[in-house]
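Report on one structure; see the data block that follows.
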Amino acid sequence: MVCVKSTSFSLCLNGSTFGYFKGQRGLRQGDPISPLIFTLCMDYLTRMINYATEKWPFQYHPLCKGLKLNHLMFADDLLMFCKGNAQSIMLLIRAFSSFSKASGLTMNSTKSEVYFNGMSSSLKADIMQATGFVEGTLPFRYLGVPIQAGRSNRKD
């Protein structure tokens, strides 16, 4: 964090470096090191989610169990997957909350939704109340691809 919070810049003119000045706001969008810092942060988020799902009783979504897939990230989007039970959902939410407290990065609640398939109305209501998310409708489009609920023949 010292590298991020204590930035300084030098001017290079005609191949010669002159002095330096301190950055006032740390890293900004477009800074050449921003993608690396973002990647490091997302790796930490992945570790937090994996730790939570390995340490406590977590149930994978039936279609994700074989790969032990609990989340996907692309750019600044995060998709989390689990079996539709309160404990598994809360483990994912707690992992993200811990990451958020450590990093200062938060979710945009106006863009966050939860998707259900084959769950009771009362459990849906409990999950939406606990998470603060609204229920999204399936299918939805992500990066132009329709995403819909899959059915598994497994008895998990």
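Suppose we keep only residues that are modelled with pLDDT of 85 or more and exposed (fewer than 13 other Cβ atoms within 10 Å of the Cβ) within region 120-131. Which one would you say is nearest to I49 (Cα to Cα)? Per the stated criteria, the residue is Q129. Just wondering, is there one or more residues in region 24-44 that are modelled with pLDDT under 90, open to solvent by less than 50 Å² (accessible area, probe 1.4 Å), of a type in the set (A, V, I, L, M, F, W, C) and farther than 24 Å from S112 by Cβ? Yes, region 24-44 contains at least one residue that is modelled with pLDDT under 90, open to solvent by less than 50 Å² (accessible area, probe 1.4 Å), of a type in the set (A, V, I, L, M, F, W, C) and farther than 24 Å from S112 by Cβ. Per the listing I127, I89, I147, the residue uniquely β-branched (V, I, T) and in contact with a Cys (Cβ under 8 Å, 6 or more places away or on another chain) is I89. Given the condition farther than 19 Å from N117 by Cα, over 17 Å from the mean Cα position of the chain (by Cα) and modelled with pLDDT of 90 or more, answer yes or no: does some residue in region 67-82 qualify? Among the residues of region 67-82, at least one is farther than 19 Å from N117 by Cα, over 17 Å from the mean Cα position of the chain (by Cα) and modelled with pLDDT of 90 or more, which makes the answer yes.
Of the residues in region 97-106, at least one is touching a helix residue (DSSP H, G or I) at 6+ places or on another chain (Cβ under 8 Å), among the aromatic types (F, W, Y) and open to solvent by less than 50 Å² (accessible area, probe 1.4 Å). When region 51-88 is filtered for residues that are open to solvent by 50 Å² or more (accessible area, probe 1.4 Å) and either among the polar types (S, T, N, Q) or touching a strand residue (DSSP E or B) at 6+ places or on another chain (Cβ under 7 Å) (or both), the ones remaining, listed by number, are Q59, L72, L78, M80, F81, Q87. Against the definition (at pLDDT 90 or above and under 28 Å from F38 (Cα atoms)), how does F96 come out, yes or no? Against the criterion (at pLDDT 90 or above and under 28 Å from F38 (Cα atoms)), F96 qualifies. Meeting the requirement of 3 or more residues that are among the aliphatic types (A, V, I, L, M), the strands (runs of 3 or more DSSP E) wholly within region 48-156 are 77-80.
The values are calculated or read from the model by the stated rules, or taken from the named source; none is laboratory data. Given the structure is predicted, the values throughout are model-derived calculations rather than measurements. As a convention, Cβ positions derive from the backbone with ideal geometry for all residues, glycine included, and neighbour counts pool all protein chains shown. Side chains included, ligands, DNA and RNA excluded: accessible areas come from the protein's heavy atoms. Shrake-Rupley method; radii C 1.70, N 1.55, O 1.52, S 1.80 Å.
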